[in-house]
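Visitor: I'd like to ask you about the structure that follows.
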Number of protein chains: 2
Amino acid sequence: MEAAIQTMVKTFQTSSKGKDSLSGKEFQKLVQTQLSNILSDTESAKAVKEMKEGLDTNKDGKVSFQEFMSLVGYIGGMLSQQRSSETASTH
Amino acid sequence: MEAAIQTMVKTFQTSSKGKDSLSGKEFQKLVQTQLSNILSDTESAKAVKEMKEGLDTNKDGKVSFQEFMSLVGYIGGMLSQQRSSETASTH
């Protein structure tokens, strides 16, 4: 679990080049390189831009680490439901 | 990154025995077995109980997946700052 959290911190910091937040371009690259198997439409710049605007709660045009973590929470929730329905269908 | 998110979902679902939320006991066991290297006071039942109450935003006495993810976000933020200060001190 700890290694998993470390991985997310490292992924964010590598993508943001050590800054506290991701620019639009950096966010797009992260989504396309890291989350293309989980999220749909990651090839669409428009879809990724809309996702970024949805995350950018303080409207500073960037994605902070906490805003990024809410995306991770959303994805985790999606996977969690997938796993629960898979487990239910195998019983 | 995807594997890291899957790991968190699996850790939560194993601890909650497939339920949507963790009981107080299940949360305590998860914190003590998975997060003892990152969080302090995990051996103190009182400290873990207070942490749980802080996370339990809907006050149902349990920790939902999204409430759990806010703990992960908090820990990630802590590690992120640690890494930034380590990187700054080595330059």
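The values are calculated or read from the model by the stated rules, or taken from the named source; none is laboratory data. Note that the coordinates shown come from a computational prediction; the quantities given were computed from them, not determined experimentally. Methodologically, a virtual Cβ is constructed for each residue, glycine included, from the backbone with ideal geometry; neighbour enumeration extends over all protein chains shown.
Visitor: So the check is Cβ under 8 Å with 6+ separation or different chains; which pairs have a first residue in the stretch A:1-24 that's within 10 Å of another protein chain (Cβ to nearest Cβ) and a second one that's of a type in the set (A, V, I, L, M) and assigned to a loop (DSSP other than H, G, I, E, B)?
Guide: Every condition considered, the pairs that remain are A:MET1/B:LEU35; A:GLU2/B:LEU35; A:GLU2/B:ILE38; A:ILE5/B:ILE38; A:THR7/B:MET1; A:MET8/B:MET1; A:THR11/B:MET1.
Visitor: Go through chain A and tell me which helices (runs of 4 or more DSSP H), entirely inside it, have 2 or more residues that are within 24 Å of B:SER64 (Cα to Cα).
Guide: A:2-15, A:45-55, A:65-89
Let's see how each residue does on (1) of a type in the set (Asp, Glu); (2) in contact with an Asp or Glu (Cβ under 9 Å, 6 or more places away or on another chain); (3) under 19 Å from A:GLN13 (Cβ atoms); (4) at the interface with chain B (Cβ under 9 Å from one of its Cβ atoms):
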position	(1), (2), (3), (4)
A:GLU53	yes, no, no, no
A:GLN66	no, no, yes, yes
A:SER70	no, no, yes, yes
A:ARG83	no, no, no, yes
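Visitor: Of everything in the stretch B:41-91, what is in contact with a Gly (Cβ under 8 Å, 6 or more places away or on another chain), surrounded by fewer than 13 Cβ atoms within 10 Å (Cβ to Cβ) and modelled with pLDDT under 90? Give them in sequence order.
Guide: Of everything in the stretch B:41-91, just one residue is in contact with a Gly (Cβ under 8 Å, 6 or more places away or on another chain), surrounded by fewer than 13 Cβ atoms within 10 Å (Cβ to Cβ) and modelled with pLDDT under 90, namely B:THR87.
Visitor: Further question on the same structure: If I ask for residues that are over 26 Å from B:THR14 (Cβ atoms), β-branched (Val, Ile, Thr) and buried (at least 20 other Cβ atoms within 10 Å of the Cβ), which ones from the stretch A:1-34 would you list?
Guide: A:VAL31, the sole residue that qualifies.
Visitor: Let me ask you something else. All but one of (1) surrounded by 14 or more Cβ atoms within 10 Å (Cβ to Cβ); (2) within 12 Å of another protein chain (Cβ to nearest Cβ) hold for B:ASN37, so report the exception by its number.
Guide: Just one mismatch for B:ASN37, condition (1).
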